[in-house]
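Below is one structure, written out as structure tokens; the observations come after it.
The values are calculated or read from the model by the stated rules, or taken from the named source; none is laboratory data. Here the structure is a predicted model, which is why all the values come from computation and not from measurement. Reconstructed Cβ throughout: ideal geometry from the backbone, glycine too, with neighbour counts over all protein chains shown.
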Amino acid sequence: MKNKQIPSTSTIILIIALIGITVLGVWWFWFRPAEEIQSPTVNTIRLKSGNLVISANGEGVLEQTTLSLGFPIPGSLVQIAEPGQVVRSGELLASLDSQKAELDLQKAELTWQTLTSSAELAALKSEEMEASNNLADIQQKYTEILNGPDLGYYKTLLANAEQAYWDASHNLAEARMLAEKDKRIAASLPRLKNQLTAAENALEQARLDLDWALNYQTDPNELLLADGKIQAAQSTLNIKTNSLTALQQNPDLLAFSTNAPADILPLQKAWAGLEQARLVLAASHLSAPFNGTVAQVNAQDGELLSSNQPILALIADAPFTIRFTLDERDLRYLSIGDTFTAAPAAYPNLELTGQITAIAPAINTGAQITVWGQILPNDLVVKLLPGMNLDVTVHLAESRDAFILPQQAIQYDPAGQPFVNQVMADGSFQAIPVTLGLSDYTSVVITGELKPGDLVSIQPTTK
């Protein structure tokens, strides 16, 4: 039998080392730390109140202002300015024969004064009082229908009727006794008989009324009918009161009322006639709308003119009209009457102010909109010439003391509703619905359940 070979010491050590390495590898695989996932940096903004002012910039040029003028009504020309005549704003340029217009105005004023006189006020006050009393009577009857009649009232009526019947009977009986001796008393017998008959009828009616009161039961239909009468009476009273109030306070406002009371319609018509007469008389005179020079005259004294027929041309003393262009995206906030500032290239330190007077109805090539404005010549100390170039800034809109965020902070849910992601203390996000306000190309005003100091993400986030 052969002896077994015993492994050497080095072999044993190697085997033990391999087993140890294997065990350590298995242990590290199962108990190794999880990989740390790096989250991307989130850009945020802290909410605070601010102002968002939206303006539009463009380039413009001054234009010569020439205006053709005429009368808005037909008539016979009696006066007109001479070519080359220098006029100031508001100065008379021409006139039509206004005798008929002046007479019509006098008639209209007389009609108006008559309708607004103290007599008319007194009549309206009387009608209001009558309407008020009528309403009170109907309301009393409604109360009787609702609560039942006053038995004491009807018993008093019956007692009075019985007393009247007794008195009429006594008077007739006494007269018959005396009639045989006095013919004058005999002549009064028919009248006393009629009084007795009337008293008898009144007594019978009083008995019927008391019987009705004792057996009264509310009739829903009668109650409904009485309610309708109250509403009609109240409406009548309101009309009278409104008419009186309108006439006492400011009758001029009636001309612009679309729901004037029926009683006021004649007054309203008279006021409209008065205003029309004033307008016609005013239209008979043509005044200069600005300082300038009469350049051309196309009519002469005595000529019959038609409505809006051009009769002269007026050139402005200074070219205070400016034509400029803006980006079409500014059109959403642009409107006639907006103010602007303009800096002429020839006077870079000069700032002119003006108002927009017209906006082109279509967009130009290059996605621009043409705008016209009138420069206000307040304290103008430099000479402006047609063709001068200007840099224009239009003040479009502003929102003050508001929360303003970059446009990229706004997100939308599947229903299209805007929201922002508020960054919470633990780093998580909470969607806050917001309402969008004034905005430009980069910023927007928001309102919602937010407060100053809240932190908001300004980029899309993934939860």
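Output the residue which, of all residues in segment 422-455 that are part of a strand (DSSP E or B) and over 37 Å from the mean Cα position of the chain (by Cα), is surrounded by the fewest Cβ atoms within 10 Å (Cβ to Cβ). Give the derivation first.
Let us first name the residues in segment 422-455 that are part of a strand (DSSP E or B), namely 422-423, 429-439, 443-448, 455.
With over 37 Å from the mean Cα position of the chain (by Cα) added as a condition, the list becomes 422-423, 429-430, 455.
On the way: Q422: 19, V423: 19, F429: 16, Q430: 12, L455: 14.
Per the stated criteria, the residue is Q430.
In the list A187, A168, A159, A173, which residue meets the criterion of being in contact with a helix residue (DSSP H, G or I) (Cβ under 6 Å, 6 or more places away or on another chain), farther than 30 Å from T236 by Cα and assigned by TED's automatic domain parsing to the domain that holds N238?
Details: A187 fails: in contact with a helix residue (DSSP H, G or I) (Cβ under 6 Å, 6 or more places away or on another chain); A159 fails: in contact with a helix residue (DSSP H, G or I) (Cβ under 6 Å, 6 or more places away or on another chain); A173 fails: in contact with a helix residue (DSSP H, G or I) (Cβ under 6 Å, 6 or more places away or on another chain).
Unique residue meeting the criteria: A168.
Among the candidates A397, A362, A342, single out the residue that is part of a strand (DSSP E or B) and in contact with an Asp or Glu (Cβ under 8 Å, 6 or more places away or on another chain).
On the way: A397 fails: in contact with an Asp or Glu (Cβ under 8 Å, 6 or more places away or on another chain); A362 fails: in contact with an Asp or Glu (Cβ under 8 Å, 6 or more places away or on another chain).
Testing whether each residue is part of a strand (DSSP E or B) and in contact with an Asp or Glu (Cβ under 8 Å, 6 or more places away or on another chain) leaves just A342.
Does at least one position in segment 382-403 carry a residue that is closer than 20 Å to T44 by Cα and either touching a strand residue (DSSP E or B) at 6+ places or on another chain (Cβ under 6 Å) or of a type in the set (S, T, Y) (or both)? Outline the logic, then answer.
Here is the first cut: in segment 382-403, the ones closer than 20 Å to T44 by Cα are 402-403.
With the extra rule that they be either touching a strand residue (DSSP E or B) at 6+ places or on another chain (Cβ under 6 Å) or of a type in the set (S, T, Y) (or both), the set shrinks to 402-403.
So far as segment 382-403 goes, yes, one or more of its residues are closer than 20 Å to T44 by Cα and either touching a strand residue (DSSP E or B) at 6+ places or on another chain (Cβ under 6 Å) or of a type in the set (S, T, Y) (or both).
Among the candidates N308, N291, N298, which residue alone is touching a Lys or Arg at 6+ places or on another chain (Cβ under 7 Å) and either modelled with pLDDT of 85 or more or under 19 Å from I80 (Cβ atoms) (or both)? Lay out the reasoning, then the answer.
Values: N308 fails: touching a Lys or Arg at 6+ places or on another chain (Cβ under 7 Å); N298 fails: touching a Lys or Arg at 6+ places or on another chain (Cβ under 7 Å).
Only one candidate passes the filter, namely N291.
Identify, from the list T341, T353, T325, T321, the residue that is surrounded by 13 or more Cβ atoms within 10 Å (Cβ to Cβ), under 39 Å from the mean Cα position of the chain (by Cα) and closer than 17 Å to Q64 by Cα. It would help to see each step written out before you state the result.
Numbers: T341 fails: closer than 17 Å to Q64 by Cα; T353 fails: closer than 17 Å to Q64 by Cα; T325 fails: closer than 17 Å to Q64 by Cα.
On inspection, the qualifying residue turns out to be T321.
Quick one: A260 ticks every box in (1) at pLDDT below 85; (2) outside any loop (DSSP other than H, G, I, E, B); (3) among the small types (G, A, S) bar one, so which box is it?
Status for A260: all satisfied but (2).
Within the group T370, T339, T357, which residue is closer than 30 Å to A283 by Cβ and hydroxyl-bearing (S, T, Y)? Even if it seems obvious, please write down each step before you answer.
Working: T370 fails: closer than 30 Å to A283 by Cβ; T339 fails: closer than 30 Å to A283 by Cβ.
The unique qualifying residue is T357.
Which one of A226, A246 is modelled with pLDDT under 75 and either at positive phi or part of a helix (DSSP H, G or I) (or both)? Can you show your working first?
On the way: A226 fails: modelled with pLDDT under 75.
So the residue among A226, A246 that is modelled with pLDDT under 75 and either at positive phi or part of a helix (DSSP H, G or I) (or both) is A246.
Taking the conditions exactly as written (in contact (Cβ under 8 Å) with a residue 40 or more places away in the chain, loosely packed, with under 12 Cβ neighbours inside 10 Å and either part of a helix (DSSP H, G or I) or under 34 Å from the mean Cα position of the chain (by Cα) (or both)), does G84 satisfy them or not?
Numbers: in contact (Cβ under 8 Å) with a residue 40 or more places away in the chain: yes; loosely packed, with under 12 Cβ neighbours inside 10 Å: yes; either part of a helix (DSSP H, G or I) or under 34 Å from the mean Cα position of the chain (by Cα) (or both): no.
When the stated conditions are applied, G84 does not pass them.
Step by step: first the residues of segment 403-419, then only those that are closer than 23 Å to L331 by Cβ and among the hydrophobic types (A, V, I, L, M, F, W, C), then the one that is surrounded by the fewest Cβ atoms within 10 Å (Cβ to Cβ). Which residue is that?
So the residue we want is I410.
Please verify whether E128 is under 28 Å from Q268 (Cβ atoms) and at pLDDT below 90, treating the condition exactly as stated.
Values: under 28 Å from Q268 (Cβ atoms): yes; at pLDDT below 90: yes.
Answer is yes for this residue.
Scan segment 421-438 for residues that are touching a residue at least 40 places away in the same chain (Cβ under 8 Å) and within 17 Å of S49 (Cβ to Cβ) and jot them down.
Residues of segment 421-438 that are touching a residue at least 40 places away in the same chain (Cβ under 8 Å), as a first pass: 421, 423, 438.
L438, the sole residue that qualifies.
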